[in-house]
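Presented below is the structure to which this report refers.
The values are calculated or read from the model by the stated rules, or taken from the named source; none is laboratory data. Not measured: the values here are computed from a predicted model. Every residue, glycine as well, gets a Cβ built from its backbone with ideal geometry; the counts of neighbours run over all protein chains shown. Please note that ligands, DNA and RNA were not included when accessible areas were found on the heavy atoms of the full protein model with its side chains. Shrake-Rupley method; radii C 1.70, N 1.55, O 1.52, S 1.80 Å.
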Amino acid sequence: MMKTIFIISGNTWKMAFENKATIALTVILGLALGLATFIGWQNFNTQHNQRLKYKEIVRQKWLSKPDKHPHRMAHYGYLVFRDKHELSFFDFGMESFAGVSIFLEAHKQNTVNFSEAGFSNGMLRFGELSVAMVLQLLVPLLIFFLGYNTISAEREAGTLKILLCQGVKWSQLLFGKVLGIISVSFTLFIPVILLTIVLWAALSNWQVSVDSGMRLLLLIAAYTLYFIICAGIAVLVSAFHQSSKAALTSLLVLWVFFTLVLPRVTQAIGAKIYPSPAKIEFNAAIEADLQKEGDSHNPDDPHYAQFKADVLKKYKVDDVTKLPFNYGGYLMAEGERISAGIYNRHQKQLNQTFENQNSFAVAASYLNPFLAIKNLSMALTASDFKTYADFQDQAEAYRYQLAQRMNQLQMDNISNEKPGEKEKAASISHAHWAEQPDFQYHFKPVSWVIANQPGTILSILFWFAGILIILAISSKWIKTV
Amino acid sequence: MIKSIYQLEFKIFFSNKAARFGILILLISGFCSLYLGKQFIAKQKTVIEKAGKMQQEHTDKNVKYFGKDLGLLLYYNKFAMANIPDNWAAFANGQRDINPYLISVTMLGLEGQMYDTDLNNPSTLLMGNMDLAFVMIFLFPLVIIAFTYNVLSAEQESGIWGLIRSQSTLPMRIIWRKLTVRIIVVFAVFLILMISAAIYLSLAPDLRFILVSALISLYLIFWFSLSFWVISLGKSSSFNAVCLIAFWVALNIVSPAVLNVWLTQKYPVPEALENVVKQREGYHEKWDLDKSVTMDKFYKHYPQFKQYAFPEELTFSWYWYYAMQQMGDDDAAFSATRITEKLNQRQHFTHMTTLLLPGIETQSGLNQLAGSDLQAHTGFLQKLKAYHEKVRLFFYPLIFKEAKAENINWKQFRIEHYTDRKSEQVWQNLLSLIIFSIVPALSGIYNFKKRASLL
């Protein structure tokens, strides 16, 4: 039983490499993969080092600030940079479309700026050359070229009847062909995996983490399933078509539809059904909420009037200058608490909208294996939307903590007596600046990735199981002649 | 006679299920993309309109709250500028999803504000927009390939070719006839979509319309020409199909991807991060320096403001504050210029390399004409700089004189519009596309002539 499958796959493999076009295509793809790996590695190094350099500069400048009022430091703020995961050299995901740096300051949340796409003049829209791009887009194309005539050519040549007469079962034939194609594509895939492992280890300075190791293993497993799915599609399409030519046309239409049209259309539909606000609308909504809860800019605001009365009552004093702490800092801590709460609520809502838009692409994965592998690959290489949103969350948490630390310093160390118009401004020792730790982004563990991608993971398994089942039972519908 | 032969050819062509299917795909995706492209731009127009109203309301509120303190009022008050989308932007969305089309700035340091992005879903940016330009650049060639790859080989493979050759002295004429039918059909679909676009997107029938049509026509002819050349090699249908698809993948997917990475490596923009650091330091360090350091530099930049007395004895004054803000921009001026230079270098690199790739060539030509490319955006940023300077120069003396907010005519600061469009490079694109369409066709004719003499 298994022997027959292996004989068929062995023949398919041999036949494939007898064809000059296959060899040429394989060599070209191999070169593209090599180039993509090199480029990904270079790109990672350039970007990573650039961000590291500025991260160090920012830290050093922060520490070197002289004595000053803590609120000045809250406004001086902190510039943080998005970290690249060492596996992102494999799949750029949305790296180029997501901003790189964000300026964190008191009372204000800024956007993540300076994405590579912002400096691009349109070429980026045609796609980016990464290992993932070659594996997701071009290897399936090779698989389709290898597989379009596997069955139909036998049928055209009349050998199909002979094979079946000799006692070969349909399922053996189909699985044998699939296995043969996969083994051809693996002559490409295995060297790439090995190279990836070496580069990944090099990029982690030979100190690989268990977590990245797990991510990489899952990545290899996912791509293996993806190639099997593609090979299965190719063989099935070939089996269901009378002529090789028609099979090739169908496969090419599928390829274009899967990789080019469907991703754009699903994303466009998602954005249409769940419209996201423009920045100006987003900010206006936050401002409206702020005014409802208390507008610190409005001198006659009832919330802050009540707030002041409460604190005076609590400390049994008749004027804020008699409080045992700096009232300005206390007031600002309250303002920061309110505004950050409102901002976070809106930001969460916005991210939910984005997630809803993206959910169409997840749902479409059940129709389109390309989207399934694309989403899973990005998630495993930490170049997906969820990781980006997580970076924003961690940066905002850092910003809030920084602002509140400065407010606390002001409460504890700044006198309630305001210096006169012509006197020296109040300040505290610069020794306090070092108390503020540097921003460190922590990548979420692989278990978080898995927990957050149930739809995507299921869709790959769904495709894999579906293809195996159809291969096993399709003989009922396939015509021999 | 000739008329009836063509009628027959059309009949044969349309009897093919794949042919009807191909036309249907182009029409459906064309209309869908028209709808999506227009929706995308319509949303931007709505936001710009809203922003205009909101700016007025904000200014009124700021005057009410902070009217007594003009320096403080201007700390909060925003001035917006919008890059108004052209009707053609719905045809070719270009970079309009990535680059902000509405930038609101205060009078503070501009360099810290002008690069702020809009709120975008990066997944949507990654997948890209669906506009008519996409359909024409990616899908039309595929249908052309599907229509033409077996024009000769199918006849050869079915054994009819020998018969045809024995009856006609000029087999090339038969190929021509078959190709003409396909060219006419594809261009009819193209025409239908262009007319629909003209009506649906209200595009004026002017020079730009002609240029866009010419660009796309040449691009489509290039694909026919390439197909013709592949056919002329006289190989099997499968070879032709694989070969043409390989061309399509290489020209429209792999080469641009390689070039783009090359470009990013060759012209990285670390200046962007440099710029943020410089601007931030340039302003903040002044708090800890002697006021004269800031003011001397400020007077050097703007000698005309020396006439206003500077309240040196005060710990804080708006005069000093805005001068400090200005220093942030001045200190970042070098890196800001470098960013612009880098972007221009990138632009130049793209122009030169796209001359070799018809797909990007057409895309960049369309984006240029639609004002949705990087150049349009950098132009927008330059205009924003000039506008910001104008606002600064208007308000600086008023702040220094401690003028009253109610005496200022705030109505003159409505949302600013940017509409300048440049498209000088389009002629280059046209010329290179003409060469692209001619060369394969000529070498195809040469192949046929050579083979005819051999046979």
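One line per residue, one yes/no per condition, for (1) open to solvent by 10 Å² or more (accessible area, probe 1.4 Å); (2) part of a helix (DSSP H, G or I); (3) in contact with a helix residue (DSSP H, G or I) (Cβ under 8 Å, 6 or more places away or on another chain); (4) among the β-branched types (Val, Ile, Thr):
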{"site": "A:29", "(1), (2), (3), (4)": "yes, yes, yes, no"}
{"site": "A:46", "(1), (2), (3), (4)": "yes, yes, yes, yes"}
{"site": "A:52", "(1), (2), (3), (4)": "yes, yes, no, no"}
{"site": "A:60", "(1), (2), (3), (4)": "yes, yes, no, no"}
{"site": "A:95", "(1), (2), (3), (4)": "yes, no, yes, no"}
Going through A:124, A:135, A:146, A:164 one at a time, which residue ends up being touching a residue at least 40 places away in the same chain (Cβ under 8 Å) and within 12 Å of chain B (Cβ to nearest Cβ)?
A:146
Could you please find all residues in the range B:225-263 being more than 8 Å from chain A (Cβ to nearest Cβ), under 18 Å from residue A:139 (Cα atoms) and touching a Pro at 6+ places or on another chain (Cβ under 8 Å)?
B:248, B:251
Go through the range B:74-84 and report how many residues are within 11 Å of chain A (Cβ to nearest Cβ), in a helix (DSSP H, G or I) and either on the phi > 0 side of the Ramachandran plot or surrounded by 18 or more Cβ atoms within 10 Å (Cβ to Cβ) (or both).
0
Residues of the range A:97-111 being open to solvent by less than 10 Å² (accessible area, probe 1.4 Å) and within 11 Å of another protein chain (Cβ to nearest Cβ), in sequence order, are A:98, A:99, A:101
Conditions (1) touching a residue at least 24 places away in the same chain (Cβ under 8 Å); (2) under 28 Å from residue A:260 (Cα atoms); (3) among the hydroxyl-bearing types (Ser, Thr, Tyr); number of the one not met by residue A:54
(2)
Within the range A:253-270, the residues that are closer than 27 Å to residue B:158 by Cβ and open to solvent by 30 Å² or more (accessible area, probe 1.4 Å) are A:253, A:254
Filter the range A:180-207 for residues that are polar (S, T, N, Q) and open to solvent by 10 Å² or more (accessible area, probe 1.4 Å); the one that is farthest from the chain's Cα centre (by Cα) is A:183
Residues being at the interface with chain A (Cβ under 7 Å from one of its Cβ atoms), charged (D, E, K, R) and open to solvent by less than 30 Å² (accessible area, probe 1.4 Å) - total across the range B:281-308:
1
Residue pairs qualifying under the 8 Å Cβ cut-off, at least six apart or on distinct chains, with the first in the range B:21-42 being open to solvent by 50 Å² or more (accessible area, probe 1.4 Å) and the second being among the aromatic types (Phe, Trp, Tyr), are B:38/B:200
Residue hits (the range A:112-126; open to solvent by less than 20 Å² (accessible area, probe 1.4 Å) and in a loop (DSSP other than H, G, I, E, B)) are A:112, A:115, A:120, A:121, A:122
Take the residues in the range A:62-71 that are charged (D, E, K, R) and open to solvent by less than 50 Å² (accessible area, probe 1.4 Å); name whichever of them is nearest to residue B:277 (Cα to Cα).
A:65
Failed condition for residue B:43, given (1) among the basic types (Lys, Arg); (2) more than 10 Å from chain A (Cβ to nearest Cβ); (3) assigned to a helix (DSSP H, G or I), with all others met?
(2)
Mind counting the residues in the range B:99-112 that are assigned to a loop (DSSP other than H, G, I, E, B) and within 20 Å of residue B:84 (Cβ to Cβ)?
3
Only one of B:242, B:249 that is free of Cβ contacts under 8 Å to residues at least 60 places away in the same chain, open to solvent by less than 20 Å² (accessible area, probe 1.4 Å), over 28 Å from residue A:60 (Cβ atoms) and outside any loop (DSSP other than H, G, I, E, B):
B:249
Against the definition (out of contact with any Gly (no Cβ under 7 Å at 6 or more places or on another chain), away from every other protein chain (no Cβ under 14 Å) and surrounded by fewer than 16 Cβ atoms within 10 Å (Cβ to Cβ)), how does residue A:313 come out, yes or no?
yes
Tell me yes or no: at least one residue of the range B:182-190 is facing chain A (nearest Cβ under 9 Å) and open to solvent by less than 10 Å² (accessible area, probe 1.4 Å).
no
Residue check, residue B:185 within 24 Å of residue B:365 (Cβ to Cβ) and aliphatic (A, V, I, L, M)
no
Considering the range B:341-380, residues that are more than 17 Å from residue B:94 (Cα to Cα) and among the hydrophobic types (A, V, I, L, M, F, W, C), and then whichever is most open to solvent (accessible area, probe 1.4 Å), we arrive at B:356
Being more than 13 Å from residue A:185 (Cα to Cα) and surrounded by 14 or more Cβ atoms within 10 Å (Cβ to Cβ) is the filter here, so list the residues in the range A:8-18 that pass it.
A:8, A:10, A:15
Report yes if some residue within the range A:72-86 is at pLDDT 90 or above, open to solvent by 20 Å² or more (accessible area, probe 1.4 Å) and at the interface with another protein chain (Cβ under 7 Å from one of its Cβ atoms); otherwise report no.
yes
Does residue B:124 fit the bill of being without any contact (Cβ under 8 Å) to a residue 40 or more places away in the chain, assigned to a helix (DSSP H, G or I) and within 11 Å of another protein chain (Cβ to nearest Cβ)?
yes
Being within 12 Å of another protein chain (Cβ to nearest Cβ) and either touching a residue at least 24 places away in the same chain (Cβ under 8 Å) or of a type outside the set (A, V, I, L, M) (or both) is true for just one of A:17, A:92, A:6. Which residue is that?
A:92
Sole residue being modelled with pLDDT of 95 or more and open to solvent by less than 50 Å² (accessible area, probe 1.4 Å), chosen from A:466, A:455
A:466
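Yes or no, residue by residue, for (1) open to solvent by 40 Å² or more (accessible area, probe 1.4 Å); (2) over 30 Å from residue B:98 (Cα atoms); (3) at the interface with chain B (Cβ under 8 Å from one of its Cβ atoms); (4) over 28 Å from the mean Cα position of the chain (by Cα):
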site: A:229; (1), (2), (3), (4): no, yes, no, no
site: A:237; (1), (2), (3), (4): no, yes, no, yes
site: A:241; (1), (2), (3), (4): yes, yes, no, yes
site: A:251; (1), (2), (3), (4): no, yes, no, yes
site: A:272; (1), (2), (3), (4): yes, no, yes, no
site: A:278; (1), (2), (3), (4): no, no, yes, no
site: A:293; (1), (2), (3), (4): yes, yes, no, yes
site: A:309; (1), (2), (3), (4): yes, yes, no, yes
site: A:321; (1), (2), (3), (4): yes, yes, no, yes
